[in-house]
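The values are calculated or read from the model by the stated rules, or taken from the named source; none is laboratory data. What you see is a predicted model; the values in this text were computed from it and never measured. When we count neighbours, we look across all protein chains shown, and the Cβ atoms used for this are built from the backbone with ideal geometry, even at glycine. Calculation scope for accessible area: heavy atoms of the full protein, side chains included, ligands and nucleic acids excluded. Shrake-Rupley method; radii C 1.70, N 1.55, O 1.52, S 1.80 Å.
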Amino acid sequence: GEDVEQSLFLSVREGDSSVINCTYTDSSSTYLYWYKQEPGAGLQLLTYIFSNMDMKQDQRLTVLLNKKDKHLSLRIADTQTGDSAIYFCAERASSASKIIFGSGTRLSIRP
Amino acid sequence: DAGVIQSPRHEVTEMGQEVTLRCKPISGHNSLFWYRQTMMRGLELLIYFNNNVPIDDSGMPEDRFSAKMPNASFSTLKIQPSEPRDSAVYFCASILKQGSPLHFGNGTRLTVT
């Protein structure tokens, strides 16, 4: 079945880069997503990548996809205090509309 | 664009009471999803609808949970009777079409005492 795994916590110094990693099991996934959740709010779409791409860049965000290893990463350059949140990796099962989420990685920023 | 609207934002109720959560998807979106978020289990898909028709309800925990989508602009998730273990944040989300990303509401925080 489908499964998405992430580490639970990441602590980064302000100004450094953050790299959040994710692995998934469905080799036929067509879309992979990164969402951000701030306290008391819903999940906000940050970026997504099609499975036929291996990299996507959007300002401070870089997504890397290794289809062979089923590994997805999100890099946030110049991490700021406003980046503190939980980051969710998600995949869309190719055979259905439903999207499967990882457990989320809580990113904390230290001065 | 008002986004996905959920109500209420917070609900506190006693065990055994009926709870109804409401969702208005983004206008024009044809699929709607209900998720539940807890510390222990993370984000779980409960049920989703395409064009108002339930497609997959395998995530609904038990018969106490039911969901309806009477029209394209409204859905409810009902728990009857509620139990303390139902305490969680319930999110509604919608998508424009298959392949589009999910747009989430701000959730309903349910506390059952």
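Peptide packing: for B:62-73, B:31-42, the average count of neighbouring Cβ atoms within 10 Å per residue gives the ranking B:31-42, B:62-73, highest mean first. Of the residues B:Thr76, B:Gly105, B:Met60, the one whose Cα sits farthest towards the positive end of the charge dipole of the stretch B:60-113 is B:Gly105 (charges of +1 on Lys and Arg Cβ, -1 on Asp and Glu Cβ, taken about the Cα centre). Evaluated with a Cβ-only charge set (Lys, Arg +1; Asp, Glu -1), chain A carries a dipole of roughly 60 debye about its Cα centre, given to the nearest 20.
Alpha-carbon geometry of the protein assembly as shown: the Rg and the Dmax are 17.6, 51 Å, given in that order.
Relative contact order for chain A: 38 percent, from Cα pairs under 8 Å spaced at least 6 residues apart, divided by residue count. Here, the stretch A:57-111 yields an orientationally averaged convex hull projection of 5.0 nm² when only Cα atoms define the hull.
The accessible surface of the stretch A:20-111, taken with every protein chain in place and a 1.4 Å probe, is 48 percent carbon and sulfur.
Where Rh is the Kirkwood radius over the Cα pairs of the stretch B:5-66, the temperature 20 °C and the viscosity 1.002 mPa s, what D in µm²/s does Stokes-Einstein return? The Stokes-Einstein estimate is 161 µm²/s. Computed over neighbours whose Cβ is under 13 Å from that of A:Thr47, the net charge equals +3, Lys and Arg +1, Asp and Glu -1.
Size descriptors for chain B (Cα atoms only): Rg and Dmax, in that order, 13.2, 40 Å.
Shielding of B:92-99 by partners, i.e. mean partner chain Cβ atoms within 10 Å per residue?
Across the residues of B:92-99, the mean count of other-chain Cβ atoms within 10 Å is 2.
Shielding of peptide A:99-105 by partners, expressed as the average count of other chain Cβ atoms within 10 Å per residue Cβ, is 4.
Which FRET efficiency, nearest 0.05, do A:Ser73 and A:Glu38 yield, Cβ-Cβ r, R0 22 Å?
On the way: r = 21 Å, r/R0 = 0.96.
For A:Ser73 and A:Glu38, the calculated efficiency is 0.55.
Between the residues A:Pro39, A:Thr79, A:Asn66, the greatest Cα displacement towards the positive end of the dipole of the stretch A:1-104, with unit charges on the Cβ of Lys, Arg, Asp and Glu, is found for A:Asn66. Quick one: net charge around B:Thr20, please, counting Lys, Arg +1 and Asp, Glu -1 for every other residue with C-beta under 11 Å from its C-beta. Neighbourhood net charge equals +1. Taking the square roots of five times each eigenvalue of the Cα gyration tensor of chain A, the equivalent ellipsoid has semi-axes of 23, 15, 12 Å, listed largest first.
Within chain A, what percent of beta bridges assigned by DSSP are antiparallel, to the nearest 5? If I count the DSSP bridges inside chain A, around 90 percent turn out antiparallel.
Here chain B is assigned +1 on the Cβ of each Lys and Arg and -1 on the Cβ of each Asp and Glu. Its dipole about the Cα centre then comes out at about 280 debye.
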